[in-house]
Amino acid sequence: MNQAYYSGISGIMTHQYGLDVVSDNIANVNTVGYKGSTAEFNELFTNILVSAGSTPTTNSIGMGSRLQSTTTQMQNGTLLASDRFNDLAIGGNGWFGVVSGNDAYYTRAGNFVFDEYQTVAGDPNSSVARLTTNDGKYVTGTMLSNFAYNGTFDYGDFDLNGVMGAYVVSDPTDEVAMGTVGSQGILEFPTRIAYPVEPTTTAQFFGNLGTDNEKRTISADVVSANNERNRLSLSFTLSAVQPSGSVAWDVTASVTSNDGSVVYDTKNGQAIFDGSGGLSSFDIASMDNDGNAVAIDLGSGFDGVISIDGAAITGTSRSNGVSGGTLTKYGINSNGIIVADFSNGRQSAIGRVAVYHFQNDQGLNRAGDTYFQESTDSGNPIFWTDENGEAITGALVYSGKLENSNVRLDVGLTDMIIMQRAYQANAKSITTGDELIQKALQMHR
């Protein structure tokens with residue numbers, strides 16, 4: 001009877017802890033990135049009634065229960081749509097890493113925000129926005145060194161307000177190598193970043209001039225180092241004196257501003273075509289585009305400009321070079337790569353959000369606020385690698401989405417009923433045991 005009394009007490013305490021776990025899960029059913037817990041019970045002790053071997057059946061009586069552990073439910077929560085690119089979610093295994101001082105934490109809650117600071121004190125144009133959690137912990141990852149602050153750079157607003165200074169991309173790229181876990185740092189987004197001007201170095205021309213004595217003009221857009229889009233024009237007229245067995249065209253090449261008000265260079269030359277209409281020679285090698293040389297390529301034979309009678313008169317061109325652009329928006333792709341979009345239609349990666357993994361996720365220690373910390377049971381954080389040994393995210397990173405709590409409300413309510421009924425049953429064990437004890441005492445009298 002005494003044992004029933006104390007077993008009932010241990011059962012009440014155990015299921016009270018179980019109810020605490022269930023209640024905490026239900027309380028966080030809408031907490032972003034929350035991982036629910038499961039209470040696991042175990043028997044307390046057993047009391048051996050008789051010595052071993054004296055009976056072929058059980059020879060012990062249990063002496064109650066206890067809460068052995070709480071395990072974390074690691075399945076993914078549902079994804080919720082968001083209208084902010086800095087809201088992130090992980091599809092699959094992995095954790096975002098955040099730091100506060102020397103302390104490292106890991107979380108699935110990607111409802112990140114920005115704070116700003118000036119890398120050059122007193123210069124607002126040097127501001128960068130650091131990706132942080134709502135309580136000020138910094139999100140970690142890899143930052144590229146393909147951009148730097150230039151305090152004398154004209155971001156395009158100097159004529160308007162006299163402001164100079166911006167970050168300038170020096171090596172546009174689409175890829176970001178993760179490096180090692182220990183090399184990860186705080187993610188920073190420059191608030192003013194520009195795509196550099198890539199002056200035109202080559203202009204290619206294509207088309208058929210025909211053989212009639214009519215002026216033909218083919219033009220190409222060329223970009224100067226001053227970020228001006230100028231016009232390179234080639235004007236063809238049949239030469240007064242034609243070589244034997246060939247066709248000669250006099251060529252006037254000019255580089256002007258787009259509106260024609262400024263002339264940067266003018267040259268005269270001649271294009272010679274063989275008897276079949278293929279280009280044999282052209283003697284204007286390049287033109288000056290406001291300080292930058294632009295090579296002129298009319299092709300050779302029949303792969304560029306030709307002069308054939310009876311075919312349609314055509315003229316097209318293409319040139320390399322890119323106009324400079326300013327930041328329009330940031331984005332984060334499914335590999336966690338941070339991409340800057342520019343007004344000239346170009347893009348460049350500047351960094352990458354790190355996704356960490358552990359050999360034993362269940363061994364992570366809860367640190368509150370949906371944060372976890374590594375332990376000896378979880379092992380150190382690692383990056384997954386591909387067949388070449390290169391670090392990869394090992395999961396999809398969703399921008400503009402959040403992972404909701406993985407707690408199922410229907411399961412939580414059912415568990416609550418089970419805990420309640422078990423608590424009541426154990427309470428009944430106590431009252432029953434008490435009544436039996438009272439009855440035994442009365443019999444003794």
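The values are calculated or read from the model by the stated rules, or taken from the named source; none is laboratory data. As the structure is a computational prediction, the values presented were derived from the model and not from experiment. Every residue, glycine as well, gets a Cβ built from its backbone with ideal geometry; the counts of neighbours run over all protein chains shown.
For region 222-257, give me the residue count where each residue is of a type outside the set (A, V, I, L, M), out of contact with any Lys or Arg (no Cβ under 9 Å at 6 or more places or on another chain) and either farther than 19 Å from Gly207 by Cβ or outside the structural domain of Gly301 (by TED's automatic domain parsing) (or both).
Summing the residues that are of a type outside the set (A, V, I, L, M), out of contact with any Lys or Arg (no Cβ under 9 Å at 6 or more places or on another chain) and either farther than 19 Å from Gly207 by Cβ or outside the structural domain of Gly301 (by TED's automatic domain parsing) (or both) in region 222-257 gives 10.
Among Thr376, Thr393, which is the only one that is surrounded by 15 or more Cβ atoms within 10 Å (Cβ to Cβ) and either more than 27 Å from Ala177 (Cα to Cα) or not assigned by TED's automatic domain parsing to the domain that holds Thr211 (or both)?
One residue alone meets the criteria, Thr393.
Of the residues Ala354, Ala367, which single one is closer than 30 Å to Gly36 by Cβ, surrounded by 14 or more Cβ atoms within 10 Å (Cβ to Cβ) and within 43 Å of the chain's Cα centre (by Cα)?
So the residue among Ala354, Ala367 that is closer than 30 Å to Gly36 by Cβ, surrounded by 14 or more Cβ atoms within 10 Å (Cβ to Cβ) and within 43 Å of the chain's Cα centre (by Cα) is Ala354.
Residue-by-condition table, conditions (1) at pLDDT 95 or above; (2) in a loop (DSSP other than H, G, I, E, B); (3) out of contact with any Ser or Thr (no Cβ under 6 Å at 6 or more places or on another chain); (4) within 25 Å of Asp274 (Cβ to Cβ):
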site: Asp212; (1), (2), (3), (4): no, yes, yes, yes
site: Asp221; (1), (2), (3), (4): yes, no, yes, no
site: Asn226; (1), (2), (3), (4): no, yes, yes, no
site: Arg231; (1), (2), (3), (4): yes, no, no, no
site: Thr237; (1), (2), (3), (4): yes, no, yes, yes
site: Ala240; (1), (2), (3), (4): no, yes, yes, yes
site: Pro243; (1), (2), (3), (4): no, yes, yes, yes
site: Ala253; (1), (2), (3), (4): yes, no, yes, yes
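Of all residues in region 330-350, how many are part of a strand (DSSP E or B) and either hydroxyl-bearing (Ser, Thr, Tyr) or at positive phi (or both)?
The qualifying residues number 2.
For region 266-276, indicate whether the set of residues that are among the hydrophobic types (A, V, I, L, M, F, W, C) and in contact with a Pro (Cβ under 9 Å, 6 or more places away or on another chain) is non-empty.
yes
Where the second residue is outside any helix (DSSP H, G or I) and the first is assigned by TED's automatic domain parsing to the domain that holds Met13 and lies in region 425-445, which pairs have Cβ atoms under 6 Å and are six or more apart or on separate chains?
Hits for this filter: Gly433/Met1; Leu436/Met1; Ile437/Met1.
Taking Gln373 as the residue in question, decide whether it is out of contact with any Phe, Trp or Tyr (no Cβ under 8 Å at 6 or more places or on another chain) and in contact (Cβ under 8 Å) with a residue 40 or more places away in the chain.
Criteria not met by Gln373.
Where in region 51-153 are the strands (runs of 3 or more DSSP E), entirely inside, with at least 3 residues that are surrounded by 13 or more Cβ atoms within 10 Å (Cβ to Cβ) and at pLDDT below 95?
Ranges flagged: 65-72.
Please go through region 304-318 and pick out each residue that is buried (at least 16 other Cβ atoms within 10 Å of the Cβ), assigned to a loop (DSSP other than H, G, I, E, B) and not aliphatic (A, V, I, L, M).
Residues satisfying the conditions are Gly304, Ser307.
Step by step: first the residues of region 229-269, then only those that are of a type in the set (S, T, N, Q) and over 51 Å from the mean Cα position of the chain (by Cα), then the one that is nearest to Thr217 (Cα to Cα). Which residue is that?
By that ranking, first place goes to Thr237.
Kindly list, by first and then second residue, each pair from a residue in region 5-19 that is closer than 20 Å to Ala440 by Cα to a residue that is outside any helix (DSSP H, G or I) and among the polar types (S, T, N, Q), limited to pairs with Cβ atoms under 8 Å and residues at least 6 apart or on different chains.
So the pair list comes out as Ser7/Ser65.
Restricted to region 319-329, and to residues that are outside any strand (DSSP E or B) and not polar (S, T, N, Q), which residue is farthest from Asp157 (Cα to Cα)?
Going through the qualifying residues, I end up with Gly321.
Of everything in region 258-286, what is farther than 17 Å from Asn227 by Cα and in contact with a Lys or Arg (Cβ under 7 Å, 6 or more places away or on another chain)? Give them in sequence order.
Passing the criteria: only Ile284.
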